[in-house]
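What follows is one structure encoded as structure tokens, with my remarks underneath.
The values are calculated or read from the model by the stated rules, or taken from the named source; none is laboratory data. Only a predicted model underlies this, so the values are computations on that prediction, with no experimental measurement involved. Neighbour counts are summed over all protein chains in view; Cβ atoms, including those assigned to glycine, are modelled from backbone coordinates with ideal geometry.
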Amino acid sequence: MRKFIFSWGLSVVLTVSSLAQTVNENLANLDQYQEQLPFFQELITGAQYPEPPRNHEGFPFLETRSFQNGGLTINRVFYPDVPLLYDIRFDQLVTFHPLFSQKLLINPDKIDAFVLADGREFIQLKGNERYFYNRNGFYELIETGSFRLLSKHYKEEKPAREVGEFVAYYVEYEDFFLEKEGVFFPIRKKKDAIKLLQIEKKEVRENLIRKGIYFNQNRKLFLKELVNLSSPSKMTTK
């Protein structure tokens, strides 16, 4: 009986010691947590982010699997230096709680916009709900002019081609849209954009093709320059 009590007491001490160590480690981030407290109060409805399957090759995030500081606008309030991950598989934005060391899903209903560490800007828009990959409605804002040039990033899971460590892998896609006053126009071919922006083919040849900017080689740059071409005051030299 004494041995049992001693063993039980020892386990309690070790458990308390372990918890105390964890708390002490998290308290090292307390200053950051207190600085960001209003921000985390806004996140209180966000659930814990479920980790992606380990038996999938690659990752479901845009560009990197590591948190990088970006900017976040919630309820029209901008928060700089926020650790962010953008899961483009489910169109979800993830942050890291500095006190509890957990990945948290940010409630998409509260997000107005966010900026990633590389400077790319994403905004939440309505009006394209019929588009299958619209999901939470986050689009990259590439250029503004007579229309806004947007793109939608997403990844799909594909079954592995060979038997091995991984049962599936991720394939990334990017779809482009021109948007004006809440109306979205999908751009699948260059003629779709040229017609919509009402640009003469001669202008396209002189200002894009002669500069070596081709739709099939770099759709994003081609469409960006096309939007600039439809707004002469925004034309830039590449």
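Can you tell me which residue in the range 106-139 is surrounded by the most Cβ atoms within 10 Å (Cβ to Cβ), limited to those that are modelled with pLDDT under 95 and of a type in the set (A, V, I, L, M, F, W, C)?
Among them, the one singled out is ILE106.
Scan the range 180-210 for residues that are exposed (fewer than 13 other Cβ atoms within 10 Å of the Cβ) and either of a type in the set (D, E, K, R) or assigned to a helix (DSSP H, G or I) (or both) and jot them down.
Matches in the range 180-210: LYS180, GLU181, ARG188, LYS189, LYS191, LYS195, GLU200, LYS201, LYS202, ARG205, GLU206, ARG210.
State which residue pairs qualify: first residue over 15 Å from ARG135 (Cβ atoms) and assigned by TED's automatic domain parsing to the domain that holds ASP87 and inside the range 104-115, second residue of a type outside the set (A, V, I, L, M) and not in a strand (DSSP E or B) in any location, beta carbons under 8 Å apart, and separation of 6 or more residues or different chains.
These pairs meet every condition: LEU104/GLY46; LEU104/TYR49; LYS110/GLU42; LYS110/THR45; LYS110/ASN75; ASP112/ASN75; ASP112/ARG76.
Examine the range 216-237 for a residue that is of a type in the set (A, V, I, L, M, F, W, C), outside any helix (DSSP H, G or I) and at pLDDT 95 or above, and state whether such a residue exists. Steps first, answer last, please.
Initial filter on the range 216-237 (of a type in the set (A, V, I, L, M, F, W, C)): 221-223, 226-227, 229, 235.
Now narrow it down to the ones that are outside any helix (DSSP H, G or I): 235.
With the extra rule that they be at pLDDT 95 or above, the set shrinks to none.
So far as the range 216-237 goes, no, none of its residues is of a type in the set (A, V, I, L, M, F, W, C), outside any helix (DSSP H, G or I) and at pLDDT 95 or above.
GLU162 fails exactly one of the following numbered conditions: (1) in the same structural domain as PRO52 (by TED's automatic domain parsing); (2) surrounded by 19 or more Cβ atoms within 10 Å (Cβ to Cβ). What is the number of that condition?
(2)
Is it the case that some residue within the range 169-182 is touching a Ser or Thr at 6+ places or on another chain (Cβ under 9 Å) and β-branched (Val, Ile, Thr)?
There is no residue in the range 169-182 that is touching a Ser or Thr at 6+ places or on another chain (Cβ under 9 Å) and β-branched (Val, Ile, Thr).
Within the range 69-93, how many residues are at positive phi and within 13 Å of the chain's Cα centre (by Cα)? Don't jump to the end; show me each part of the working.
Going through the range 69-93, the residues at positive phi turn out to be 75-76, 81, 91.
When the remaining residues are screened for being within 13 Å of the chain's Cα centre (by Cα), the result is 91.
So the count comes out to 1.
Scan the strands (runs of 3 or more DSSP E) fully inside the range 71-177 and keep the ones with 3 or more residues being closer than 27 Å to LEU221 by Cα.
Values: elements: 77-87, 92-97, 102-105, 111-115, 121-124, 138-144, 148-159.
Of the strands (runs of 3 or more DSSP E) lying wholly inside the range 71-177, those with at least 3 residues that are closer than 27 Å to LEU221 by Cα span 77-87, 111-115, 121-124, 138-144, 148-159.
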